[in-house]
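Notes follow the structure.
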Protein chains: 2
Amino acid sequence: MSEGSFFRSRWVPAPDHVTEVADGTLPRGFRAAGGACGVKADGARDIGLIVSDAAQTTSAARFSRSGAQSAPVLHTRHETKLWQIRAVVVNSGNANAATGQRGLEDAATMAATAAAVAGVDVHQVAVASTGVIGVPLPIERISHGITALGPDLRAAGATDFAEAIRTTDAFPKQVTLDVALEAGTVRLCVQAKGAGMISPNFATLLVFVQTDAVLEADEADLLLSVCTKRSFDRISVDGQLSTSDTIVLQASGASGVRIEPRTADERVFGEALDAALRQVALLVARDGEGARRVGRILVRGGDQHLADRVAHAVADSPLVKTALYGADPNWGRIIQAVGAALPGAAPLKVDISIEDIVVCVNGAYVEHDGGALAEAVRREEVEYEVVLPGEGAEAERYFSDLGHEYVTINAEYTT
Amino acid sequence: MSEGSFFRSRWVPAPDHVTEVADGTLPRGFRAAGGACGVKADGARDIGLIVSDAAQTTSAARFSRSGAQSAPVLHTRHETKLWQIRAVVVNSGNANAATGQRGLEDAATMAATAAAVAGVDVHQVAVASTGVIGVPLPIERISHGITALGPDLRAAGATDFAEAIRTTDAFPKQVTLDVALEAGTVRLCVQAKGAGMISPNFATLLVFVQTDAVLEADEADLLLSVCTKRSFDRISVDGQLSTSDTIVLQASGASGVRIEPRTADERVFGEALDAALRQVALLVARDGEGARRVGRILVRGGDQHLADRVAHAVADSPLVKTALYGADPNWGRIIQAVGAALPGAAPLKVDISIEDIVVCVNGAYVEHDGGALAEAVRREEVEYEVVLPGEGAEAERYFSDLGHEYVTINAEYTT
């Protein structure tokens, strides 16, 4: 990896064979645009479109598992050929969630309008919306806005698109990477929005990935599945599942560079995608309500179910999160969260270390260097490790802290 | 119920046949005391003892289900005859949790010292500790403190005891009630501490109940079980389970008034205990980090498992809690929490009302009086109702809001 500013976390080493591209041009075959259509009252960009001009485009997608999925998620899951997504249309400012039949009709209208603008079949359009829940879309403005994007679609339009899907994210989350494979170089772009459920109204993780590699749809689905599990499935801002989370990977094939399953090229491309999504996920956790710090909890031992439960309990604990915010070395909150996740397991033989400083062995405190610990928890990234009895399992979660900014954003800027 | 200040919540109507007693004298047979032994650095009371002088005393107890149970919880569960607890000894300022073998020995020392002072068998002593986790007890100070309480034990000592178990509770939580049964009048006293995991170090719910009724141990256990499920099992300050939660009910029998199973007297006594514990539980939620408001979520319909899950999800949601704090009528956060609790259930046919104002039917918004809703959520108690498809189940949770005071207490007063 050449020098660049994207892979900032020590938990995501920059992969080999990958070069960061500064100008942000989309992979071959893609065009994008972003504009303002008046959903946001302040006139900021609120409508975006990404189009692949390649007929052979393959894709894969993942959605929120919420029982209260938004209308665009329901529409895209049921009406869109998820393995052939040519266009992605997104509005911010209104989530089109809890809007009933009218919401489904509005999502269909967005898809039809985007299909006409992009020149693709309506079943090849994915729709996403993010913003206030329970308010009908201003669909006429949005339709006009989508139509107006047509002349603006361009290879350099990713930044405008990324701006249009942003809500109150403190900083943009996008990257353009070139990945040098044996078969040739392919480009990989990611645009994302999300900073937790960061305001009373804006509450979603949206991630869009494009590449010009030639990728079978099955292979795209597998790669997206594995990399999502290792990135976005491992972050916790506030433990709250959105109605609208959507991740779409599109491969235009326009580079002519084919990625075959079970080859060195697949491994290199997969590592690049994995690193990019993990770094974006960390940026989302980092953005969480102006968070000061990001924590990583690593749980080893036990069976997988228990390890996952412990990792979730620590990452979602408001006591652990406020301690992280306050740079409080109080490890009692870690064992409290572990104990809460394992009811009936007392006496609990658990080891705990923070930044490699061992504070607890077999469930009981051990002497340690309090000064070094206090210093360690003041850093921007803090690592906690919990070792359960038994071998084999491993679970990992990244989480933002819980501070006054979270309360202010979520309580004081009321609707 | 005569006039009194205890039953303050509209969700706990004062029961019939119950009179609040102002002077706080314990039920016949009981004596209590509270003092300072230097666990708390500021010299505040930190050691308390309750003793029943009646040999026929019966009892029942409940404990935290945490896998990281504290040493006093482990000691009491394994060494104490839970149906014959004569004495309860409690220190605040140190939880004696995550302290290994030494912690168990210290808890045994507390029990032995209290047994000597109270003149009861060591296996009839329950031990509880609350405070910092992972630091060994200053056991010599505590032993001296327990011994020093002996001369102070008295029928009017409940207030001193309640003071000694308090940590940073904003207000005391105790009540003395006379319950008029057909067989005669019995007294019922409750002392509790707890305001969520309210500070970096102090983190426990402790509840002690005394009565002079004659109660079989089985009957005491049944009553405590039912009333705990309807009170303390239904509150959420921050969704965090402590290492040390302990509830003890003792019946001295000194009134000579026997409560027989399946009689009108049992019903009246049970209603009094139920109302007292529910009101104390609401006080704990209300105290939660200087909370402004308490919410009640009532879920109807569906099966019991789903109803419970939805009630927990709403009560533990930081987004719902910050909205409650900010008096934000944004009901999108309720449906977000409901959807998160019911993955895969989309499209979700759910009805939502806030303070009887219907905002969502069949999963979609309905027109409602926004001004009336904004007014309703400004009250001290706010009620949310969620109706799931299907009939039969009902779940209820009380929860405090999440505001700046929670962050300040948990992040800024660092150890």
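Table: residues versus (1) at pLDDT 95 or above; (2) touching a His at 6+ places or on another chain (Cβ under 9 Å); (3) of a type in the set (Gly, Ala, Ser).
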residue	(1), (2), (3)
A:350	no, no, no
A:362	no, no, no
A:371	no, no, yes
A:378	no, no, no
A:384	yes, no, no
A:395	no, yes, yes
A:400	no, no, yes
A:407	no, yes, no
Residues that are facing another protein chain (nearest Cβ under 7 Å), touching a residue at least 24 places away in the same chain (Cβ under 8 Å) and open to solvent by less than 30 Å² (accessible area, probe 1.4 Å): which helices (runs of 4 or more DSSP H) entirely in segment A:300-348 hold 1 or more of them?
-> A:318-325, A:332-341
Residue check for residue B:291: more than 9 Å from every other protein chain (Cβ to nearest Cβ), modelled with pLDDT of 90 or more and under 25 Å from residue A:322 (Cα atoms) = no
Restricting attention to segment B:33-65, and to residues there that are closer than 15 Å to residue B:129 by Cα and within 14 Å of chain A (Cβ to nearest Cβ), which single residue is surrounded by the fewest Cβ atoms within 10 Å (Cβ to Cβ)?
-> B:62
Would it be correct to say that residue A:384 is away from every other protein chain (no Cβ under 13 Å) and either within 18 Å of residue A:323 (Cα to Cα) or in a strand (DSSP E or B) (or both)?
-> yes
Among B:137, B:149, which is over 30 Å from residue A:359 (Cβ atoms) and within 26 Å of the chain's Cα centre (by Cα)?
-> B:149
So residue A:394 fits all but one of (1) touching an Asp or Glu at 6+ places or on another chain (Cβ under 9 Å); (2) more than 11 Å from chain B (Cβ to nearest Cβ); what number is the exception?
-> (1)
Return only the number of the condition from (1) buried (at least 24 other Cβ atoms within 10 Å of the Cβ); (2) within 20 Å of residue B:407 (Cβ to Cβ); (3) facing chain B (nearest Cβ under 7 Å); (4) not aliphatic (A, V, I, L, M) that residue A:399 does not satisfy.
-> (3)
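How many of the residues making up segment A:224-278 are assigned to a loop (DSSP other than H, G, I, E, B) and either open to solvent by 20 Å² or more (accessible area, probe 1.4 Å) or in contact with a helix residue (DSSP H, G or I) (Cβ under 9 Å, 6 or more places away or on another chain) (or both)?
Selection size over segment A:224-278: 20.
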Restricted to segment A:84-107, and to residues that are more than 12 Å from chain B (Cβ to nearest Cβ) and modelled with pLDDT under 95, which residue is nearest to residue B:331 (Cα to Cα)?
-> A:93
Of the residues A:388, A:373, which single one is touching a Pro at 6+ places or on another chain (Cβ under 8 Å), in contact (Cβ under 8 Å) with a residue 24 or more places away in the chain and surrounded by 16 or more Cβ atoms within 10 Å (Cβ to Cβ)?
-> A:373
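Rundown of residues vs (1) farther than 21 Å from residue B:164 by Cα; (2) of a type in the set (A, V, I, L, M, F, W, C); (3) touching an Asp or Glu at 6+ places or on another chain (Cβ under 8 Å), yes/no style:
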| residue | (1), (2), (3) |
| --- | --- |
| B:41 | no, yes, no |
| B:45 | no, no, yes |
| B:72 | no, no, no |
| B:84 | yes, no, no |
Quick one: in segment B:82-105, of everything that is closer than 19 Å to residue B:148 by Cα and either open to solvent by 10 Å² or more (accessible area, probe 1.4 Å) or of a type in the set (Ser, Thr, Tyr) (or both), which residue is nearest to the chain's Cα centre (by Cα)?
-> B:92
Matching residues in segment A:5-25 - criterion: being in contact with a Ser or Thr (Cβ under 8 Å, 6 or more places away or on another chain) and either charged (D, E, K, R) or open to solvent by less than 50 Å² (accessible area, probe 1.4 Å) (or both) = A:20, A:21, A:23, A:24, A:25
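The values are calculated or read from the model by the stated rules, or taken from the named source; none is laboratory data. What you see is a predicted model; the values in this text were computed from it and never measured. We place every Cβ from the backbone using ideal geometry, glycine too, and count neighbours over all the protein chains shown. Calculation scope for accessible area: heavy atoms of the full protein, side chains included, ligands and nucleic acids excluded. Shrake-Rupley method; radii C 1.70, N 1.55, O 1.52, S 1.80 Å.
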